[in-house]
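S.K.: Attaching a single structure in structure tokens format; questions to follow.
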Amino acid sequence: MEIEKLLEELILVPGVSGYEDPIRTKIKTLIEDYVDEIEIDAIGNLIGIREGHGNGHLSFFAHMDELGLVVANITADGFIHFKKMGGIDDRILPSRHVRLFAQADEEVPGVIAWVPPHMAVEGQKNQDKVISWQEMVIDVGARSAEEVRAMGIRVGDPIVFAKQVSRLANGLIAARGLDNRAGCTALVALIQGMKELSPRPRISFVFTTQEEYGLRGASVAGYRTKPDSAFIIDTASAPDFPGVPAIYKNQFQIDRGPLLRLVDTRMVASRRLRNFVEELAVKKNIPFQLGVVGGSTDAAAVQLVRKGVPILPICIPCRYTHATVEVISLKDLEATVTLLGQIVEEYPMR
């Protein structure tokens with residue numbers, strides 16, 4: 001399948017952190033004919049296995065959950081309070097279209113309410129004030145709590161931001177959810193491209209849950225799969241636009257290849273894996289970049305399981321991470337798939 005089409009398909013499937021059933025089902029249908037075994041563990045991780053003919057056990061991880069919201073309370077007059085699922089900046093919330101997934105998988109449209117400046121009274125006119133998510137509500141058009149419940153909406157139902165995929169100039173794609181449907185796309189494309197390949201190591205392909213809610217799925221899957229080495233496929237916040245602090249400015253850029261994420265807030269990557277991948281990329285003429293960044297990935301959890309696992313996150317540079325308009329380069333995504341394929345062919349490291 002063309003990688004752009006695959007990416008769009010995965011973006012449009014919902015999968016809020018902790019509520020990954022729809023996206024897990026979609027990915028399972030895309031990979032089940034290309035792996036020797038497939039399983040879903042108790043926390044919801046999807047694990048595909050390709051048996052090898054030689055030594056070693058290699059794992060690739062990509063989280064399939066996305067940022068979202070969950071119904072927290074329903075008011076008597078039919079508005080809905082919510083809780084954030086993951087690291088969402090309150091500044092992006094007001095005046096957004098959302099989709100609520102009610103009982104029986106009914107999809108209900110809604111909007112996050114916004115008090116217009118025309119109605120602001122004295123003391124509320126400071127437009128620079130960030131409104132806390134606890135003060136916001138979702139409007140689904142109902143006039144009472146009973147009417148909301150009649151729509152099938154209950155406390156605990158997941159909510160996603162309405163999504164659209166835009167094609168920008170120079171092969172760039174903009175959408176909500178590129179973190180981490182871009183990583184999932186790379187991993188699915190790798191699996192499908194390996195159909196005729198007989199790998200040396202045993203390979204676990206792990207699509208994890210609840211990364212955005214504390215790296216929970218990776219903690220379980222890393223312990224379960226027991227890899228010799230692990231590569232985590234995710235996005236990294238590209239610092240190549242105006243307003244970025246000087247410490248990060250243009251350290252790496254979109255459209256210049258995948259990022260080898262060496263250090264972040266919770267992880268230091270394996271130098272041995274870094275050297276292996278860097279030498280491989282140079283030898284195969286695959287563009288790549290190096291980065292020291294903020295935030296974290298599933299690597300922070302996988303690295304610490306059992307007696308420890310050598311890890312290296314390989315990330316697709318992404319502008320405006322955790323916003324509703326994330327941006328990546330298709331060229332970077334394709335280069336990531338190429339690099340992962342070369343890792344499979346060359347592993348175990350000599």
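The values are calculated or read from the model by the stated rules, or taken from the named source; none is laboratory data. Because the structure is predicted, anything quoted here is derived from the model rather than measured. Here the Cβ is made from the backbone with ideal geometry for all residues, glycine too, and neighbour counts use every protein chain on show.
S.K.: Please go through (1) buried (at least 20 other Cβ atoms within 10 Å of the Cβ); (2) assigned to a strand (DSSP E or B) for A174 and return the number of the only condition it doesn't satisfy.
M.R.: It fails just one condition, (1).
S.K.: Hey, G193 hits all of (1) within 25 Å of N55 (Cα to Cα); (2) touching a Cys at 6+ places or on another chain (Cβ under 7 Å) but one; which does it fall short on?
M.R.: (2)
S.K.: Next question, about the same structure. Within the range 226-236, identify whether any single residue is crowded, with 17+ Cβ neighbours inside 10 Å, among the hydroxyl-bearing types (S, T, Y) and either free of Cβ contacts under 8 Å to residues at least 60 places away in the same chain or in contact with a Cys (Cβ under 9 Å, 6 or more places away or on another chain) (or both), and answer yes or no.
M.R.: Within the range 226-236, one or more residues are crowded, with 17+ Cβ neighbours inside 10 Å, among the hydroxyl-bearing types (S, T, Y) and either free of Cβ contacts under 8 Å to residues at least 60 places away in the same chain or in contact with a Cys (Cβ under 9 Å, 6 or more places away or on another chain) (or both).
Residue by residue, here is whether (1) aliphatic (A, V, I, L, M); (2) over 21 Å from C315 (Cα atoms); (3) in contact (Cβ under 8 Å) with a residue 12 or more places away in the chain holds:
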site: K28; (1), (2), (3): no, yes, yes
site: V35; (1), (2), (3): yes, yes, yes
site: D41; (1), (2), (3): no, yes, yes
site: L46; (1), (2), (3): yes, no, yes
site: S59; (1), (2), (3): no, no, yes
site: F82; (1), (2), (3): no, yes, yes
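S.K.: For the range 318-350, enumerate the residues that are hydroxyl-bearing (S, T, Y) and modelled with pLDDT under 95.
M.R.: Across the range 318-350, the qualifying residues are T324, Y347.
S.K.: How many residues are crowded, with 20+ Cβ neighbours inside 10 Å and within 14 Å of F207 (Cβ to Cβ) if we restrict to the range 6-23?
M.R.: 6
S.K.: Now for a separate question. With respect to A300, is the statement that it is farther than 22 Å from K249 by Cβ, part of a helix (DSSP H, G or I) and within 16 Å of the chain's Cα centre (by Cα) true?
M.R.: It is true that A300 is farther than 22 Å from K249 by Cβ, part of a helix (DSSP H, G or I) and within 16 Å of the chain's Cα centre (by Cα).
S.K.: Can you give me the number of residues within the range 106-120 that are among the aliphatic types (A, V, I, L, M), part of a loop (DSSP other than H, G, I, E, B) and at pLDDT 80 or above?
M.R.: 2
S.K.: Let me ask something else. With respect to the numbered conditions (1) in a helix (DSSP H, G or I); (2) polar (S, T, N, Q); (3) within 18 Å of G183 (Cβ to Cβ), which one is the sole condition not fulfilled by T321?
M.R.: Of everything listed in (1) in a helix (DSSP H, G or I); (2) polar (S, T, N, Q); (3) within 18 Å of G183 (Cβ to Cβ), T321 misses just condition (1).
S.K.: If you scan the range 155-171, which residues turn out to be over 30 Å from K83 (Cβ atoms) and either within 18 Å of the chain's Cα centre (by Cα) or in a helix (DSSP H, G or I) (or both)?
M.R.: Hits for the range 155-171 are A169, N170, G171.
S.K.: Moving on. Considering only the range 63-75, I want to know if a residue exists there that is in a loop (DSSP other than H, G, I, E, B), modelled with pLDDT of 95 or more, among the hydroxyl-bearing types (S, T, Y) and under 23 Å from E212 (Cα atoms).
M.R.: No; the residues of the range 63-75 include none that is in a loop (DSSP other than H, G, I, E, B), modelled with pLDDT of 95 or more, among the hydroxyl-bearing types (S, T, Y) and under 23 Å from E212 (Cα atoms).
S.K.: Let me ask you something else. For the range 257-304, how many residues meet the condition of being touching a helix residue (DSSP H, G or I) at 6+ places or on another chain (Cβ under 7 Å), surrounded by fewer than 20 Cβ atoms within 10 Å (Cβ to Cβ) and in contact (Cβ under 8 Å) with a residue 60 or more places away in the chain?
M.R.: 1
S.K.: Answer yes or no as to whether L100 is assigned by TED's automatic domain parsing to the domain that holds R149, in contact (Cβ under 8 Å) with a residue 40 or more places away in the chain, in a strand (DSSP E or B) and crowded, with 22+ Cβ neighbours inside 10 Å.
M.R.: yes
S.K.: Right, here's the next one. Quick one: T75 ticks every box in (1) surrounded by 14 or more Cβ atoms within 10 Å (Cβ to Cβ); (2) of a type in the set (V, I, T); (3) in contact (Cβ under 8 Å) with a residue 24 or more places away in the chain except a single one, so which number is it?
M.R.: Condition (1) is where T75 drops out.
S.K.: Within the range 1-59, restricting attention to residues that are assigned to a strand (DSSP E or B) and out of contact with any helix residue (DSSP H, G or I) (no Cβ under 9 Å at 6 or more places or on another chain), which residue is farthest from T235 (Cα to Cα)?
M.R.: Of everything passing the filter in the range 1-59, E37 is farthest from T235 (Cα to Cα).
S.K.: Something else about it: If V130 meets every condition in (1) over 30 Å from V344 (Cβ atoms); (2) in the same structural domain as T209 (by TED's automatic domain parsing) apart from one, which number is that one?
M.R.: (2)
S.K.: Only one residue in G217, G243 is of a type outside the set (S, T, N, Q), in the same structural domain as I23 (by TED's automatic domain parsing) and surrounded by fewer than 17 Cβ atoms within 10 Å (Cβ to Cβ), so which one is that?
M.R.: Answer to the selection: G243.
S.K.: Any idea which of G141, G123 is modelled with pLDDT of 95 or more and either aromatic (F, W, Y) or at positive phi (or both)?
M.R.: Sole residue among the options that is modelled with pLDDT of 95 or more and either aromatic (F, W, Y) or at positive phi (or both): G141.
S.K.: Also, quick follow-up: Select, from R176, R167, the only residue that is more than 17 Å from K26 (Cβ to Cβ) and in contact with a strand residue (DSSP E or B) (Cβ under 7 Å, 6 or more places away or on another chain).
M.R.: Step by step, each of R176, R167 is checked, and only R167 is more than 17 Å from K26 (Cβ to Cβ) and in contact with a strand residue (DSSP E or B) (Cβ under 7 Å, 6 or more places away or on another chain).
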